[in-house]
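J.: My questions all concern the structure below.
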Amino acid sequence: MSLKQEIQKRKTFAIISHPDAGKTTLTEKLLLFGGAIQTAGAVKNNKIRKTAASDFMEIERQRGISVATSVMGFEYQDLLINLLDTPGHKDFAEDTYRTLTAVDSVILVVDSVKGVEEQTERLMEVCRMRDTPVIIFVNKMDLEGRDPFELLDELEEKLDIKVRPLSWPISGGHTFKGVYNLFEKGLNLFSANKTKIERDVVKVEALDAVELDEMIGTEYADQLREDVDLIEGVYDVLDKEAYLAGKIAPVFFGSAVNNFGVQEMLDTFVRLAPTPLPRLTNLRSIAPNEERFTGFVFKIHANIDPKHRDRIAFLRICSGTFERNKFFYHTRLDKKLKFANPATFMARSKNVIDTAYPGDVVGLYDTGNFKIGDTLTEGEDLQFQGIPSFSPEIFKELINKDPMKSKQLEKGIQQLTDEGVAQLFIREAGSRKIVGTVGELQFEVIQYRLEHEYGAKCEFQPKNYYKACWITSDHAQKLDEFKRIKATDIVTDKDGNDVFLAPSKFLLDMERQNFPELEFHFTSEFKTAVDSAG
Ligand code: G4P
């Protein structure tokens, strides 16, 4: 098969949601449809119910390095679908953001009772940064949820994206009758716990046919007629280009746990969702069909068993063909590396592969060569963009509790932050270390891992910072002046960029006024903006 054909076969996506909306359940149903698993309950729930490090560690230990849950490949209608897993816990949101850099589209699950929740909004913001195409699945229609029109309005308003329903629920909660497929004009009648994989749809030639009344009762049939009239009047036909540009999201209604309405969505997904897309580097955009291989690391999974301190770096292939035992160029280290046992993942099994293609995710055994964002090529010196660090929410200073073990601490914190567990900022004077995270859980995880894997003891001293701001300016003198005046709040990130730790919003606004020559960025992404503008 040619490279072009391989690319056309692939769709790489992630399912995202606020915790508890039904991401794990939907994942499982998709895998069932794809034949990748045979029974329900086979997908390990990666949810951390209690926010204690020990629980997290236990889950990680069980998962071990069986990263099968990180990438789940399955075949469906002659396509190869790569589903990338994202963590269920909000403290690991940063991990999810990074995974989103490696996909070409997403399915967003929304709980019909709760509507758009906090995490839904934040995840969508990240999708919009890259104009990632989104399909929305409104889940739990078997529960007494909100009015579907009201939900659509809320989706448009809070997620700042246009929506277009492609299926429509007939009632909801205990009177939920099923969904009407607005595109194929078919009716799927609800029954709990559907296990059938084949389509189970009654074709409805015309909505005014009496058969409809017979099937769902006149009251619901009339309501459906009225709703469909309204939908066709209010919403334009779905514009595929607008979907691919991330401007409009098709919406489906269903119940994942009952396996209901899922197939409608999956069939549309395979029809609409993009095949591997081009990606931006510091030099140029890379098209997937370029013959020369390129790829980047978006996730590093450590084996937390101290006896096997290996890690797996997840590489998204962007162009060309990845080959086993072939030397590739690690651009940051300026070094050639080859991989004897690269693995891909089909549902729960891991397979060593000889070749992989754009859209695929390959797991590379790593002994410390990789950091998140690293690029591999066939020799060209370039760096993939768009794997930003976001400003953390919580900041603490790392204090060494055992001076005899400073080296171990140094190495440990470096490796853990390379993995992306947290962000490390160094304050030059005295090389003090400030660790920034999205949630409290990471601090416990870091402390636990430093002790168990590196034999180093530490504690964290809370620091009252509001945001980390990456600072840039065309006026070198002004930048220096700012850095001098604010020396106590200036740190550098892992790549040596200048970062201002703003103590409060008020003080940040003040500095913005005092130093109009400076730019304050909430993500490290600003380089892309500079590059693409230039
Ligand atoms: P998450 O990964 O997004 O966090 O959500 P998950 O799939 O774990 O689902 C959260 C809860 O919602 C689960 O119940 C799940 O069974 C339930 N759920 C998922 N889809 C539907 C649906 O369509 N209708 C209804 N009524 N419930 C749904 P749980 O009690 O938290 O866990 P479990 O013991 O059932 O696994």
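The values are calculated or read from the model by the stated rules, or taken from the named source; none is laboratory data. None of these values were measured; they are calculated from a predicted model. Virtual Cβ from ideal backbone geometry, glycine too; neighbours counted across all protein chains shown. Just the protein is used for accessible areas: all its heavy atoms, side chains included, with ligands, DNA and RNA removed. Shrake-Rupley method; radii C 1.70, N 1.55, O 1.52, S 1.80 Å.
J.: Indicate the gyration tensor shape class of the chain (rounded, prolate or oblate), computed on the Cα atoms with a ≥ b ≥ c the square roots of the eigenvalues: a/c under 1.5 is rounded; otherwise a/b larger than b/c is prolate and the rest oblate.
T.: Here the chain falls in the prolate category.
J.: Let me ask you something else. Where both partners of a DSSP beta bridge lie in the chain, what percent of those bridges are antiparallel, to the nearest 5?
T.: Percentage antiparallel, nearest 5: 75.
J.: Report the one residue of Leu507, Leu26, Ser406 whose Cα lies farthest in the direction of the positive end of the charge dipole of the chain (charges on C-beta: Lys and Arg +1, Asp and Glu -1; origin at the Cα centre).
T.: Among Leu507, Leu26, Ser406, the one farthest towards the positive end of the dipole of the chain is Ser406.
J.: What distance in nm separates the two pseudo spin-label positions at Thr492 and Lys505, each 7 Å out from Cα along the beta-carbon direction?
T.: Simple spin-label model gives 3.2 nm for this pair.
J.: Which FRET efficiency, nearest 0.05, do Arg484 and Gln513 yield, Cβ-Cβ r, R0 22 Å? Before the final figure, lay out the partial values.
T.: Details: r = 18 Å, r/R0 = 0.84.
It comes out at approximately 0.75.
J.: Roughly how much of Arg128 is accessible, in Å² to the nearest 10, using a 1.4 Å probe?
T.: Taking all protein chains as shown, Arg128 has close to 70 Å².
J.: Going by alpha carbons, how many degrees (0 to 90, nearest 10) lie between the helix axis of 505-514 and the longest principal axis of the chain?
T.: 60
J.: Now a separate question. Just to confirm my numbers, what's the Cα centroid distance between the range 99-129 and the range 422-450 in Å?
T.: 27
J.: At a Förster distance of 60 Å, what's the computed FRET efficiency of Asp402 paired with Glu219, Cβ-Cβ distance as r, to 0.05?
T.: The value I calculate is 0.25.
J.: Could you tell me what percent of the accessible area of the chain is made up of carbon and sulfur, with a 1.4 Å probe and every protein chain present?
T.: Exposed carbon and sulfur together represent 48 percent of the surface.
J.: Using Cα-Cα distances under 8 Å and only pairs 6 or more residues apart, what relative contact order does the chain have, in percent?
T.: Once divided by the residue count of the chain, the mean separation gives 14 percent.
J.: What FRET efficiency comes out for Asn369 versus Glu154 if R0 is 51 angstrom and r is the Cβ-Cβ distance? Round to the nearest 0.05. The partial results should precede the final answer.
T.: Values: r = 46 Å, r/R0 = 0.90.
It comes to 0.65.
J.: Among Ser70, Ile81, Leu266, pick out the residue whose Cα is farthest towards the positive end of the charge dipole of the chain, where Lys and Arg carry +1 and Asp and Glu carry -1 on C-beta, about the Cα centre.
T.: Going by the Cα projections, it comes out as Ser70.
J.: Determine the dipole magnitude for the chain: charges of +1 sit on the beta-carbon of Lys and Arg, -1 on that of Asp and Glu, nothing else is charged, the reference point is the Cα centre, and the result goes in debye to the nearest 20.
T.: It works out to roughly 2540 debye.
J.: Quick one: Cα centre-to-centre distance for the range 206-229 and the range 240-317, in angstrom?
T.: Centre-to-centre distance over Cα atoms comes out at 39 Å.
J.: May I pose another question? Between Ser285 and Asp381, how many nm apart are label points set 7 Å from Cα along the C-beta direction?
T.: Calculated label separation equals 2.6 nm.
J.: While we're looking at this one, here's another question. Could you tell me the accessible area of Tyr448 in Å² (1.4 Å probe, neighbours in place), rounded to the nearest ten?
T.: 60
J.: Which of Gly359, Phe370, Ser319 sits closest to the plus end of the dipole of the range 279-377, meaning its Cα is farthest towards the positive end, when Lys and Arg get +1 and Asp and Glu get -1 on the C-beta?
T.: Phe370
J.: Right, next: Leu238: accessible area at probe 1.4 Å, nearest 10 Å²?
T.: Accessible area, nearest 10 Å²: 40 Å².
J.: Counting only helical runs of four or more DSSP H residues, what would the 222 nm mean residue ellipticity of the chain come to if each run contributes -39,500 (n - 2.57) and the total is spread over all its residues?
T.: Per the formula, -8500 deg cm²/dmol.
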